[in-house]
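Engineer: Below is the structure I would like to discuss, written out as structure tokens.
The values are calculated or read from the model by the stated rules, or taken from the named source; none is laboratory data. Note that this is a predicted model, so its numbers are computed, not measured. Note: ideal-geometry Cβ built from the backbone for every residue, glycine included; neighbour counts use all protein chains shown.
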Ligand SMILES: [Zn+2]
């Protein structure tokens, strides 16, 4: 894509965003590449370099949580996990994260649904966020779903059993074979259903269920804008395609939006805290989140 094409795509995207009522951004690994976090797939992908990961991570945790934590403490994790953790530990938000947070503050974007576990959207100032694959910053009980902040990002002691229900506790980030926690999936679906415009950033849209959300929005009549360095399976159905890194495209889009003027949807409401889980926010006007289901065997989440 030539520079002129990118810049005309950015203008078209700004027009769509400014004339929409409820814009949701959906982000994948591609937005964090400029923060030094390698993607999973593609030429420099973690799984390309280290091989396909084992797909039974959640099963192994459930079989013996104490042994799982011992392996964690001994750092006997798969090489791709070790590399990802090193990168996440050192990562800072890049101009793509910062521009997206500013789009939310200015009322252009209402929420961000991310597949990333790195917490960089929050560091950049994004407030309304659904972390569909969880976060490295929290621990979560697999029985009742209770979440607690990790006091140290890379703990030296296993997490004790849940102090609400006594169930086994793991990192909040979703393992292979682990279902997406129901209330997280529900928030993601609610945001998707409210959207009349979706900005899909740095996601290959291949991993279900997160990758299926843009198509659900599309089926509801939402406009789709894609920001990615290369084409994806979603590209053919997008209204606008900006083929550029997010760290370049999003700041340029923000500049363009400021010229277009006030968003049609007005300024966003203040998120309401979820009393039971103060680390969550509930979006104004959405239904209260359901109590978490008991753990299921293999769910829709592949990672
Ligand atoms: Zn619990």
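Engineer: Out of (1) touching a strand residue (DSSP E or B) at 6+ places or on another chain (Cβ under 9 Å); (2) more than 16 Å from the ligand (Cβ to nearest atom); (3) modelled with pLDDT under 95, what's the single condition that is false for residue 197?
Structural biologist: Among (1) touching a strand residue (DSSP E or B) at 6+ places or on another chain (Cβ under 9 Å); (2) more than 16 Å from the ligand (Cβ to nearest atom); (3) modelled with pLDDT under 95, residue 197 violates only (3).
Engineer: What number goes with the only condition from (1) at pLDDT 90 or above; (2) surrounded by fewer than 18 Cβ atoms within 10 Å (Cβ to Cβ); (3) within 16 Å of the ligand (Cβ to nearest atom) that residue 160 does not pass?
Structural biologist: Status for residue 160: all satisfied but (1).
Engineer: So if I check each of 18, 12, which one is in contact (Cβ under 8 Å) with a residue 60 or more places away in the chain and either touching a strand residue (DSSP E or B) at 6+ places or on another chain (Cβ under 9 Å) or surrounded by 23 or more Cβ atoms within 10 Å (Cβ to Cβ) (or both)?
Structural biologist: Values: 18 fails: either touching a strand residue (DSSP E or B) at 6+ places or on another chain (Cβ under 9 Å) or surrounded by 23 or more Cβ atoms within 10 Å (Cβ to Cβ) (or both).
Step by step, each of 18, 12 is checked, and only 12 is in contact (Cβ under 8 Å) with a residue 60 or more places away in the chain and either touching a strand residue (DSSP E or B) at 6+ places or on another chain (Cβ under 9 Å) or surrounded by 23 or more Cβ atoms within 10 Å (Cβ to Cβ) (or both).
Engineer: Determine, yes or no, whether residue 180 is in contact (Cβ under 8 Å) with a residue 40 or more places away in the chain and either away from the ligand (no atom under 16 Å from the Cβ) or not in a helix (DSSP H, G or I) (or both). Let's see the steps before the verdict.
Structural biologist: Details: in contact (Cβ under 8 Å) with a residue 40 or more places away in the chain: yes; either away from the ligand (no atom under 16 Å from the Cβ) or not in a helix (DSSP H, G or I) (or both): yes.
Spelling it out, residue 180 is indeed in contact (Cβ under 8 Å) with a residue 40 or more places away in the chain and either away from the ligand (no atom under 16 Å from the Cβ) or not in a helix (DSSP H, G or I) (or both).
Engineer: Of (1) in contact with a helix residue (DSSP H, G or I) (Cβ under 9 Å, 6 or more places away or on another chain); (2) crowded, with 23+ Cβ neighbours inside 10 Å; (3) free of Cβ contacts under 8 Å to residues at least 60 places away in the same chain, residue 172 satisfies all except one. Which?
Structural biologist: Result: residue 172 fails condition (1) only.
Engineer: Let me ask something else about it. If a residue must be over 16 Å from residue 207 (Cβ atoms) and part of a loop (DSSP other than H, G, I, E, B), how many such residues does the range 39-59 contain?
Structural biologist: Going through the range 39-59, the residues over 16 Å from residue 207 (Cβ atoms) turn out to be 43-44, 49-51, 54, 56, 59.
Then keep just the ones that are part of a loop (DSSP other than H, G, I, E, B); that gives 43-44, 51, 54, 56.
Summing the residues that are over 16 Å from residue 207 (Cβ atoms) and part of a loop (DSSP other than H, G, I, E, B) in the range 39-59 gives 5.
Engineer: Check the range 149-157 and report whether any residue there is crowded, with 23+ Cβ neighbours inside 10 Å, under 30 Å from residue 23 (Cα atoms) and within 19 Å of the chain's Cα centre (by Cα).
Structural biologist: To start, the set of residues in the range 149-157 that are crowded, with 23+ Cβ neighbours inside 10 Å comprises none.
Checked the range 149-157: no residue is crowded, with 23+ Cβ neighbours inside 10 Å, under 30 Å from residue 23 (Cα atoms) and within 19 Å of the chain's Cα centre (by Cα).
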